[in-house]
Amino acid sequence: MKDKSQLLNFTIPQLLRWRVKETGAKVALREKDFGYWNNYTWNDFYDYVRKIALGLEKVGVKKGDKLALIGDNIPEMLFMAIGAQSIGAVSAGIYQTTLPDEIADLITYMDVTAVFCNDQEQVDKLVEIRDRIPQVRKVIYEDPRGMRDYRADDWYLFIEDLYEIGAVVHDEHPEKYEAMIEEGNPDDVCHFCLTSGTTGLPKASMMTHKNYINMGIQITKVDKLKNTDEYLSFLPFAWIGEQMNSFGVAMATGITINFPESVETSMEDLKEIGPHFMFGAPRIYETIRSQIWLKIDESYWLNRLLYNKFIKVGEKAARYRMSGEHMPASLRFTSWLGKVLVLDPLINQIGLRRLRRAYTGGAALGPELFTFYQAIGVNLKQIYGQTEIVGIAYMHRDGDVRSDTVGKPLPETECKISEQGEILSRSPSVCVGYYKLDEQTEELLEGGWLHSGDAGYIDEDGHLVVIDRLADVMHNSKGEMFSPMFLENKLKFSPYIKEAIIFGDKRDSVSCLINIDPIVVGKWAEDQGISFTTYMDLSGKSEVAELIKEAVIDINARAEKDYFKIKRFAILYKLLDMDDGELTKTGKLRRKFVMEKYKDLYDALYDESVRKKKVEAFFQYQDGQTTTVEAEMSFYTMEGVA
Amino acid sequence: MPTLKIDDITLTFGGLAALSEVSMDIEQGLITSIIGPNGAGKTSLLNCISGFYHPTSGEIHYKDNRLSKASPHQVSSLGIARAFQNLELFSGMTVLDNLMLARHQKLRYNILQAAFFSGKASREESKNRRYVEEIIDFMELEPYRKHTVGNLSYGIQKRVEVARALTLEPSLLLLDEPMAGMNIEEKEDMVRFIFDIQQEREATVVLVEHDLGVVMDISDHIYVLDFGELIGSGTPEEIVKIPKVIEAYIGED
């Protein structure tokens, strides 16, 4: 294996050129379109990027300009990003679920002058805010569907036309592109990555070429990848985890990136591709587990019997594997048997069979979920890091996986804990700062260390343990500290609970609002012969409340500290949703917002005389229409909790 | 010049007149809606156009072809396709198979070629598959491609029904209550599809629909039927001012 550190002297476009020389004819990207997987080799990839770069320059994009990317993951997204970077412009990812208003704010904040959208849905958002973004000169789109009426206006540009412009420039000046990318410097800012913004408008973190490439090299030092490995690109491109792979890992190792047909089909496509490694937020792993449970539940008795038997064996074996200890021969045999008979075919059904490693990051994952995945034979590991350090600072090593920690630092990464208990890190992947926010940048990089804002400690084995956001840790009225997220994750381990919001700051006891999982509880209700119509109806059923109550009793019984026990709970009539601003784009809870929005429910949770309460639910449809529905919510007090 | 000309047609069942002396001009490339209360004769009219019924008197012409005596398969080979109100799909087959089957009319190979799946048969099939995939993409049915139709939600089944009609590459598409039984979001999606069918696929659309809000929003021209008689026609703005229409829909005050 060659030393890869020479790659650090490259910019991303230069790295692409190097990759073409190494494995030009190999498949770099694959996209499912019209039911068929279409291949792009590294040569094709390079050709498209060159056309885009030359085309963009011709239509007036200059060094230092900002190009925003909004849309689902498609190869063209990468062509645009790296094309812009070739000129020395900066690409910036915006989540495809962002509402027009917020897009206008982001475009203004980031001084974006050109936007790439994948389809009419995204373009229409820009049409709506066109008056507010006069600095945007071009809107480039990929899917011509529904865009017929837009063609007369030269504000819009079809990507095929851009390719043509670029091809013409290349024919006239064949040397131009190479000369252009030669001017790039690895320490130039190449991409703006939005921080998830649990508080207010997202901040654009300025990433350099070296940030990404370094990450690609360091991860593969820990976990080797072959250039025949497959990766499925189903995370939003605006998220650091996806860029880390497409800009860093893929080009440093030569793996193939696969693009699903559409967001809705990504789970099907996962099955067809069978990737060798994957990244995801805990939510994805929770969803997949629910699917597995549902499948088993619907299966016939023999399957169920074998599954229930061998999952226990798998769990036992997983404990040995995670700690790297030697397994007794009898266990090794039975776990092998379970793998062959039940678990391998099972994970093959979901497309996880070839997976060598799965990583989870972004938020904490319940310990039970770890054991579950390790038991079915998926090597799930925790990573920890921030956008500002290209996603990863800490990572579990194979044979040293512990569900209560996030592992050890990556090579070339230094870490320490500040006096206040904050986690600090330093590496070549740390960003330059936030765009136009000097004050916040100074706070972030104070003393040359990246300040994470998370509370944590390093244990005797050198593993990092993350407690919670420094700002999120709560204290009860006696001043005892607890982490709401930690308790929420325990609740969420119940298959029936999708989301939970823990309260109790400066209060005598802990209470919570619960979101039931519509699929699992819906199936359960069906089996019990309980009829229901909507989510709201289902969550109001007293039988469902009993079911949740049992789950809460179970969790209270296993609480580490007495003051962790949940005193009162209520089932919320609606699912928390990104569109209502209750979750961030990456699916994290916006605690403060939720607390204010449901203030009356919060008050009722701490008023033990309230057993039932009328609530008015307010719904907004995608097109802006609204309706109000009345419902009754019940509040439950747990016995024996002080 | 209208693309579909309905000239003074009457349809009687025994002594009952389902349609009496109805005339309509359906213009090329527009969305024309036919509305009316239950039993007004809307579906009977579509049945006359698509050849299920033959009018007792009167003529129907599509471009230069006479439809009044044509059989359904002749009508469909002229490029007229229909999506039914009560879904006409094979519920035990997948979405993909339903759509492939719907294109059998376009297949050009003989039984021997089919039996050995040789040269022409396999070429034709892959060409058809490509076309069907374009329709799947157009109607955004990718997640359901391999799902059995019977297991899909009603809203999606309706979409499959429209997709099935589209696989015939129609120049005139008859939609019989495509939005019945749908929720608001599904309706909005369907409206977008109808617009795209008109604009991207350059089809003339005839829409029979109960949801007046939708009809008023998307139609270029509206015809109103009541008890088999045409009681009004015009643009949406004109329609709402016709007293007879108001009476038929809202009742006298």
| field | Of all residues making up segment A:526-540, the number that are under 33 Å from the mean Cα position of the chain (by Cα) and not in a helix (DSSP H, G or I) | value | 4
| task | Sort out which residues of segment B:175-192 are within 13 Å of another protein chain (Cβ to nearest Cβ) and under 13 Å from the mean Cα position of the chain (by Cα), and write them in order of number. | result | none
| query | Applying the selection to segment A:18-36, what residues are of a type in the set (Ser, Thr, Tyr) and within 14 Å of chain B (Cβ to nearest Cβ)? | reply | A:Tyr36
| query | Does at least one position in segment A:255-271 carry a residue that is modelled with pLDDT under 90 and of a type in the set (Lys, Arg)? | reply | no
| task | Determine the pairs where a residue that is at negative phi, located within segment A:286-306, has a partner that is in a loop (DSSP other than H, G, I, E, B) with Cβ atoms under 7 Å apart, the partner being 6 or more residues away or on another chain. | result | A:Ser290/A:Pro495; A:Ser290/A:Asp517; A:Trp293/A:Pro495
| task | Return the only residue of A:Tyr150, A:Tyr156 being within 14 Å of chain B (Cβ to nearest Cβ) and under 34 Å from the mean Cα position of the chain (by Cα). | result | A:Tyr150
| query | What is the number of the single condition among (1) out of contact with any Cys (no Cβ under 9 Å at 6 or more places or on another chain); (2) in a helix (DSSP H, G or I) that A:Val123 does not meet? | reply | (1)
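How do the helices (runs of 4 or more DSSP H) wholly within segment B:1-109 filter down when requiring 1 or more residues that are assigned by TED's automatic domain parsing to the domain that holds B:Leu175: which remain?
On the way: elements: B:42-49, B:72-77, B:95-102.
The helices (runs of 4 or more DSSP H) meeting that bar are B:42-49, B:72-77.
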| query | Before we move on, is A:Tyr40 within 19 Å of A:Val249 (Cβ to Cβ) and more than 14 Å from chain B (Cβ to nearest Cβ)? | reply | yes
| query | Based on what the data block shows, is A:Lys63 surrounded by fewer than 18 Cβ atoms within 10 Å (Cβ to Cβ), assigned to a helix (DSSP H, G or I) and not acidic (Asp, Glu)? | reply | no
| message | Any residue that is buried (at least 19 other Cβ atoms within 10 Å of the Cβ) and modelled with pLDDT of 90 or more - is there at least one of those in segment A:605-628? | response | yes
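Which residues, counting only those in segment A:454-476, are under 20 Å from A:Lys592 (Cβ atoms) and of a type in the set (Gly, Ala, Ser)?
Within segment A:454-476, the subset under 20 Å from A:Lys592 (Cβ atoms) is A:454-455, A:467-476.
Residues satisfying the conditions are A:Ala455, A:Ala471.
Go through segment B:119-133 and report how many residues are of a type in the set (D, E, K, R) and within 15 Å of B:Asn98 (Cβ to Cβ).
Pass one, segment B:119-133, residues of a type in the set (D, E, K, R): B:120, B:123-125, B:127, B:129-130, B:133.
Now narrow it down to the ones that are within 15 Å of B:Asn98 (Cβ to Cβ): B:129, B:133.
So the count comes out to 2.
Kindly provide the set of residues from segment A:580-628 that are outside any strand (DSSP E or B) and within 14 Å of another protein chain (Cβ to nearest Cβ), ordered by number. Walk me through how you get there before you give the answer.
Of the residues in segment A:580-628, the ones outside any strand (DSSP E or B) are A:580-582, A:584-588, A:590-611, A:621-625.
Matches in segment A:580-628: A:Tyr621, A:Gln622, A:Asp623, A:Gly624, A:Gln625.
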| task | Consider B:Thr167 carefully, then state whether it is more than 21 Å from the chain's Cα centre (by Cα), surrounded by 14 or more Cβ atoms within 10 Å (Cβ to Cβ) and either within 11 Å of another protein chain (Cβ to nearest Cβ) or at pLDDT 90 or above (or both). | result | no
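Could you tell me which of the residues A:Leu445, A:Leu464, A:Leu437 is of a type outside the set (D, E, K, R) and under 27 Å from A:Pro367 (Cβ atoms)?
On the way: A:Leu445 fails: under 27 Å from A:Pro367 (Cβ atoms); A:Leu437 fails: under 27 Å from A:Pro367 (Cβ atoms).
The match here is A:Leu464.
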| request: Being more than 22 Å from the chain's Cα centre (by Cα) and in contact (Cβ under 8 Å) with a residue 24 or more places away in the chain is the filter; apply it to segment A:428-443 and report the residue that is nearest to A:Phe564 (Cα to Cα). | output: A:Gln440
| Residue match in segment B:192-199 (condition: at pLDDT below 85 and touching a helix residue (DSSP H, G or I) at 6+ places or on another chain (Cβ under 9 Å)) | no
| Do you know which of the residues in segment A:284-311 that are under 30 Å from the mean Cα position of the chain (by Cα) and among the charged types (D, E, K, R) is farthest from A:Leu337 (Cα to Cα)? | A:Glu286
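Kindly indicate the residue of segment A:629-639 that is in a strand (DSSP E or B) and charged (D, E, K, R) and also nearest to the other protein chains (Cβ to nearest Cβ) among those meeting that condition. Give the derivation first.
To start, the set of residues in segment A:629-639 that are in a strand (DSSP E or B) comprises A:629-637.
Those left that are additionally charged (D, E, K, R): A:630, A:632.
Values: A:Glu630: 19, A:Glu632: 24 Å.
This residue is A:Glu630.
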| note | Picking from B:Glu133, B:Glu125, B:Glu161, the residue that is assigned to a helix (DSSP H, G or I), farther than 25 Å from B:Ala180 by Cα and in contact with a strand residue (DSSP E or B) (Cβ under 8 Å, 6 or more places away or on another chain) would be B:Glu133
| Out of curiosity, is A:Gly324 more than 14 Å from every other protein chain (Cβ to nearest Cβ), under 30 Å from A:Asp143 (Cα atoms) and of a type outside the set (S, T, N, Q)? | no
| Identify, please: which residue in segment A:35-60 is among the small types (Gly, Ala, Ser) and at negative phi and is, among those, surrounded by the fewest Cβ atoms within 10 Å (Cβ to Cβ)? | A:Gly55
| query | Among the numbered criteria (1) of a type in the set (D, E, K, R); (2) under 22 Å from A:Pro100 (Cβ atoms); (3) surrounded by 14 or more Cβ atoms within 10 Å (Cβ to Cβ), which single criterion is violated by A:Asp153? | reply | (3)
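Which of the residues spanning segment B:74-96 are touching a helix residue (DSSP H, G or I) at 6+ places or on another chain (Cβ under 9 Å) and either farther than 24 Å from B:Thr148 by Cα or within 14 Å of another protein chain (Cβ to nearest Cβ) (or both)? If you could, list the steps in order and put the result at the bottom.
Initially, segment B:74-96 is screened for residues touching a helix residue (DSSP H, G or I) at 6+ places or on another chain (Cβ under 9 Å), giving B:75-77, B:80-85, B:87-96.
Residues satisfying the conditions are B:Val75, B:Ser76, B:Ser77, B:Ile80, B:Thr94, B:Val95, B:Leu96.
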| query | Just checking, how many residues over segment A:345-370 are within 17 Å of A:Gln291 (Cα to Cα) and either of a type in the set (Val, Ile, Thr) or surrounded by fewer than 19 Cβ atoms within 10 Å (Cβ to Cβ) (or both)? | reply | 7
| task | Tell me, yes or no, whether segment B:137-155 has at least one residue that is under 24 Å from B:Thr43 (Cα atoms), in contact with a Gly (Cβ under 9 Å, 6 or more places away or on another chain) and either of a type in the set (A, V, I, L, M, F, W, C) or not assigned by TED's automatic domain parsing to the domain that holds B:Lys63 (or both). | result | yes
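Yes/no per residue for (1) crowded, with 17+ Cβ neighbours inside 10 Å; (2) hydrophobic (A, V, I, L, M, F, W, C); (3) within 14 Å of chain A (Cβ to nearest Cβ):
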position: B:Leu101; (1), (2), (3): no, yes, no
position: B:Ile111; (1), (2), (3): no, yes, no
position: B:Ser118; (1), (2), (3): no, no, no
position: B:Arg123; (1), (2), (3): no, no, no
position: B:Ser126; (1), (2), (3): no, no, yes
position: B:Phe138; (1), (2), (3): yes, yes, yes
position: B:Glu142; (1), (2), (3): yes, no, yes
| query | Restricting segment A:306-344 to residues that are at pLDDT below 90 and either of a type in the set (Phe, Trp, Tyr) or not in a helix (DSSP H, G or I) (or both), which is surrounded by the fewest Cβ atoms within 10 Å (Cβ to Cβ)? | reply | A:His326
| said: Restricting to segment A:66-79, name every residue that is surrounded by fewer than 24 Cβ atoms within 10 Å (Cβ to Cβ) and part of a loop (DSSP other than H, G, I, E, B). | reply: A:Asp72, A:Ile74
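The values are calculated or read from the model by the stated rules, or taken from the named source; none is laboratory data. If you're wondering where the values come from, they're calculated on a predicted model, not measured in any experiment. As a convention, Cβ positions derive from the backbone with ideal geometry for all residues, glycine included, and neighbour counts pool all protein chains shown.
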